[in-house]
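The values are calculated or read from the model by the stated rules, or taken from the named source; none is laboratory data. Everything numeric in this text was worked out from a predicted model, so none of it was measured. For neighbour counting, all protein chains shown are included, and Cβ atoms are generated from backbone atoms with ideal geometry for every residue, glycine included. All accessible areas refer to the heavy atoms of the entire protein, side chains included, with ligands and DNA or RNA removed. Shrake-Rupley method; radii C 1.70, N 1.55, O 1.52, S 1.80 Å.
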Amino acid sequence: MTRNNQHRVDPAVKRAARLQLLARVARMVAVVVVTAGAAQGVVWLNGTLSVSEWNVTAPESIRHEIESRLQAMDQRDFLSTRPELLRQRWLEQIPDMEEVQISRVLPHRLQVTAIARTPEALWQDEQDRVHLLDSHGYAYRLLARGESPDLPLLRVREEQLPAAHRLLAVLSRDSAERLAALSEIHAGGNHWKLYFARGAAWLLPQKQEEKYITAVAAQLAQPRWRTGQWSVDARIQSRWFIRPAGHEGVI
């Protein structure tokens, strides 16, 4: 009679393996329970810290826009009203707003401080659409129906906008009263034409135009020219042509 040799596992080893397996399962269960509890806590906290009040400090032109967007939000929970998220969204969606700072005042309040863009000129593009141009030279939106701001009109190509904006800056620095009287700026083939009130106009070369604006403003500030309205053609460096506005004669 042959007896098969069988390897018997030590009961102590079996017991240790079972305990190890049970410990592993217990750890997994504990992780699941903790994770579920944390998730429920996050959901509870997210809802508990929902925004129900806000204080908006901003010019009227954009304050209403901000408040309307807050009121129209489907969810105003903690995650949906994160300050940086709202800031990025509003800067994209509210073109008249230049900057906004948002902070949370726990538990339910938002503090919003916004700055509106300052329109400095109008820009007529090559499709004859009119845009508002801000103080940084950025065309930030189309002119709305019914809007009629008293601003100079720039009839230039898009790539000429930075140079045209620099002309405005030089006028503001050297001849603020001329800037106030400025009606339009046109870009010709190789010159600028600035139209002012009461028929005055300046023709300036497109190279070194900032230098020429300063020089023409200084020339017309002299006693001989100070009280009149003049059209100036400064396209020829060696000779300028100055005549009374609205007349053909050259002085």
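Taking 1.002 mPa s as the viscosity and 20 °C as the temperature, the Stokes-Einstein diffusion coefficient of the range 119-244 based on its alpha-carbon Kirkwood radius rounds to 144 µm²/s.
At a Förster radius of 41 Å, what calculated FRET efficiency corresponds to the Cβ-Cβ distance of LEU49 and GLU147, to the nearest 0.05?
Values: r = 40 Å, r/R0 = 0.98.
Once the sixth-power term is evaluated, E becomes 0.55.
Using only the Cα atoms of the range 49-116, build the gyration tensor, take square roots of its eigenvalues as a ≥ b ≥ c, and label the shape rounded, prolate or oblate: rounded if a/c is under 1.5, else prolate if a/b is larger than b/c, else oblate. Because a/c hits 1.5 or more and a/b exceeds b/c, the range 49-116 counts as prolate.
Close amide H contacts of ARG141 (hydrogens built in the peptide plane, cut-off under 5 Å, sequence separation of 5 or more or a different chain): LEU132. Of all beta bridges that DSSP places with both ends in the range 119-244, some 75 percent have antiparallel geometry. Accessible surface computed residue by residue for the range 119-244, with neighbouring protein chains in place and a 1.4 Å probe, gives 55 Å² per residue.
What is the sum of charges, Lys and Arg at +1 and Asp and Glu at -1, for the other residues whose Cβ falls under 12 Å from the Cβ of GLU99? Residues close to GLU99 contribute a combined charge of -1.
For the range 125-216, state which trypsin sites (Lys or Arg not before Pro) are in a DSSP loop and have at most 15 other beta carbons lying within 10 Å of their beta carbon. Please report the intermediate quantities before stating the final value.
Numbers: sites: ARG129, ARG141, ARG145, ARG155, ARG157, ARG166, ARG173, ARG178, LYS193, ARG198, LYS207, LYS211; in loops: ARG129, ARG145, ARG157, LYS207.
Sites meeting the loop and neighbour criteria: ARG129, ARG145, ARG157, LYS207.
Projected label points at GLN127 and ALA221, each 7 Å from Cα along the beta carbon direction, are separated by 4.2 nanometres. Dividing the mean sequence gap of close Cα pairs (under 8 Å, 6+ apart) by how many residues the range 108-208 holds gives a relative contact order of 17 percent.
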